[in-house]
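Beneath this line is the structure, given in C-alpha cells, with notes to follow.
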Amino acid sequence: IFGATGDLARKKLFPALYQLCMLGHFPRNLNIVGYGRSPVDIHAFVLKQCANIKEDQRLAKEEFVKNISFHAGGYSAPESYVALDQTIKEYEHGSPGNRLFFLSVPPTIFGDVVEQISSSCRALEPGFTRLMIEKPFGKDSATFDELNTKTQQFDESQLFRLDHYLGKEVILNIATLRWANQVFEPGWSKEYIECVQLTFKEDLGTGGRGGYFDGFGIIRDIIQNHLLQAFMWLAMEPPASMNAAEVTREKVRLLRRVKAPLLGGGRKRSVFLGQFAASADGDQKAYLDDETVPRGSRCPTFAALVLEVDNDRWRGVPFLFTAGKGMDERVCEVRVRYKPQPTGSMMGVTAQNELVMRVQPDESVYLLTTAKEPGITAEQVRKPVVMDMNFREQFEVDSPSTDAYVGDAYERMLLNAARGDQTLFVSAAELVEAWRIFTPLLHQIDAERPQPVLHPFGVLPAGYIEWTAQRGCTIRDG
Ligand code: BG6
C-alpha cells in the first residue's frame with residue numbers, strides 16, 4: 001500500500017483486507033507492506049491504521065496485524081524500490097509471488113511510483129503484477145491523457161482503476177434487476193420512462209480537505225465518476241455477456257451518445273451550481289470558512305445537471321444528476337420515474353410509478369405503486385403503496401442461516417483485483433468518453449467562475465426545485 005499512513009488506508013483498506021482474510025477469501029499468511037516517506041514505529045502504526053477493524057472471533061486482530069510491515073522510502077528514490085523488491089522477495093521465499101500494489105497517493109507523485117514499480121518491483125513470472133489506482137484520474141481530457149501515458153508501462157489488463165461506487169451492492173444489483181427480471185427491461189425506455197434522477201447528498205462539509213476539493217469541485221468529485229458509473233449501468237444496452245470487455249464496449253457505446261452539457265444561459269441553463277454557507281444555527285461552518293479553501297472561492301459544492309442520450313432507447317429522457325456536500329442527510333439514490341398511465345384518470349389517480357434504488361444508507365429497492373384500499377363500498381379509495389425490497393430484511397443479511405453479507409465496497413474491489421476480474425473497474429476507453437462529456441463544461445466553469453447559489457448548510461439551494469421542474473424532472477419525497 002503506497003500511502004499506507006493515509007486516511008483511506010485507515011478507513012477502508014486495512015479493514016477490508018482484514019475482512020477478506022477473516023472470511024477466507026485471502027490467505028491468512030498474506031503479506032501486507034505499507035509504504036511511506038518516513039519511518040514509523042510499527043506498533044504505533046498498526047494501532048492507528050488498524051483501529052477501524054471490527055474484530056471477529058474467526059480471526060484474531062493480533063494474528064492479522066502480524067502480517068503487516070512497513071517500508072520507508074522516498075517516492076522517487078529508485079534505491080528504495082530496489083530495497084522494497086528485496087523485502088518482498090524474502091516474503092516470497094524465492095518462488096514467484098503475486099503482487100498487488102495499491103496506490104493511495106496524490107497525483108503529483110503518481111507517475112514516479114508507477115515508473116519505479118515498473119522498473120524495480122515487478123513480480124517474477126508467472127506471478128502477477130497488478131496496480132490498483134484511485135481517482136482523480138486527471139482533471140480533464142488532457143490531464144487524463146498524461147496520466148494514461150504514465151501507466152503505459154503496464155498492460156490494460158494489469159491496471160485496476162477503482163471507482164468504489166461500482167462495488168456498492170445496489171449499483172451491482174442494477175444489472176440483475178434489469179436483465180434477470182421480466183418486468184423491468186421491456187419498459188426501460190423513453191416510451192415508458194419520464195425521467196431518471198441520480199442523487200448524492202452528504203451531510204458533511206469538506207472537513208480540512210477543502211484545499212484538495214477546491215481544485216476539483218463537486219462535478220469532478222462525484223458526478224463525473226460515481227454517478228456517471230451508476231448512470232452507465234442504468235442506461236447501457238445489455239452486453240453480449242457479462243465479461244469485462246463486453247461490459248466496457250456497451251458502456252463506451254452509451255457514453256458516445258451523450259451530449260456534452262454546457263453552462264448556457266437564462267431559463268435554459270443546463271447546469272445549476274451551489275455552494276454551502278454556514279447553517280442557520282451557526283453549528284456548521286460555511287465552505288469558505290474552511291481554512292484550507294482559498295478566499296472568495298466560487299468552487300461548486302453542489303451541482304445539478306441534465307444529460308441527454310441520443311439513442312433510440314433514451315432520446316428525450318432527461319437524466320438529472322444532483323450532488324451536494326453540506327446537505328441535510330447522507331443519501332445516494334436513483335429514481336426511475338415512469339410516465340403517467342393514460343387510464344389513470346379513469347381510476348382517479350395522478351401519481352406516477354417510481355422505481356427507487358437506494359444505494360445508501362440502508363440499501364433497498366422499492367417501487368411506488370397505487371392500489372385499491374380494501375373496503376366494501378363502491379367508492380374505491382386508491383392509495384400509494386410501496387413494494388419494498390430492503391436488502392437487510394429480504395436477504396437476512398448477517399443472519400447465521402444465510403451467507404448474505406453486505407461488505408464494504410473496498411473488500412469487493414480488492415478481491416476482484418486479486419482475482420484479475422476487471423468487470424467492476426474503469427477502463428481507459430470509458431474515461432476518455434467521460435472526460436469528453438465533462439471537459440468543456442468544467443473548462444467553462446473554471447474560466448468564467450460563475451457565482452454559485454449560496455445556501456445554508458443542510459438546506460437545498462433556492463431555485464433548485466424549480467430548475468429541475470423546468471427540465472422535466474419534478475422532485476418527489478419518500
Ligand atoms: C469520494 C469523494 O470519492 O467519495 C468524497 O472524493 C466522498 O468527497 C466519498 O465523500 C463518498 O463515498 P461514500 O462511499 O462514503 O459514499
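Using a 7 Å offset from the Cα along the Cα-to-Cβ direction at both residue 108 and residue 383, what is the distance between the two label points in nm, to one decimal?
Taking the two extended label points, one gets 6.1 nm.
Using a 7 Å offset from Cα along Cα-Cβ at residue 120, what residues in segment 60-83 end up with backbone N under 13 Å from the label point?
Label zone hits: 71-83.
What dipole magnitude, in Debye to the nearest 20, does the chain give about its Cα centre under +1 on Lys/Arg Cβ and -1 on Asp/Glu Cβ?
940
Given the chain, what percent of its DSSP beta bridges are antiparallel, to the nearest 5?
In the chain, approximately 60 percent of DSSP beta bridges are antiparallel ones.
If one takes the longest principal axis of the Cα atoms in the chain, at what angle in degrees, from 0 to 90 and to the nearest 10, does the Cα axis of helix 409-419 lie?
50
When a footprinting reagent is the concern and you count Cβ atoms within 10 Å, what order do 28, 99, 419, 122 take, fewest first?
Ranked by crowding around the Cβ, least crowded first: 419, 28, 122, 99.
Gain in length, residue 192 to residue 76, computed as 0.36 nm per residue apart minus the alpha-carbon separation, to one decimal in nm?
Working it through step by step, the gained length comes to 36.2 nm.
For a Förster distance of 45 Å, can you work out the FRET efficiency between the beta-carbons of residue 432 and residue 181, rounded to the nearest 0.05?
E(calc), rounded to 0.05, equals 0.90.
Within segment 13-30, what residues put their amide N at less than 19 Å from the label point 7 Å along the Cα-to-Cβ vector of residue 403?
Answer for this model: 19-28.
For residue 474 and residue 63, calculate 0.36 nm times their separation in residues minus their Cα-Cα distance, and state this gained length in nm to one decimal.
142.6 nm
Which order results if 227, 103 are arranged by neighbouring Cβ count within 10 Å, fewest first?
103, 227
By how many degrees, between 0 and 90 and to the nearest 10, does the Cα long axis of helix 244-256 differ from the longest principal axis of the chain?
Value to nearest ten degrees: 50.
As a footprinting exposure proxy, order 474, 176, 301 by other Cβ within 10 Å, with the fewest listed first.
Ranked by crowding around the Cβ, least crowded first: 176, 474, 301.
Coordinate-derived values only; no laboratory data. From a predicted model like this one, the values you see are computed outputs, not experimental measurements. With ideal geometry, Cβ positions are generated from the backbone for all residues, glycine too; neighbour counts draw on all protein chains shown.
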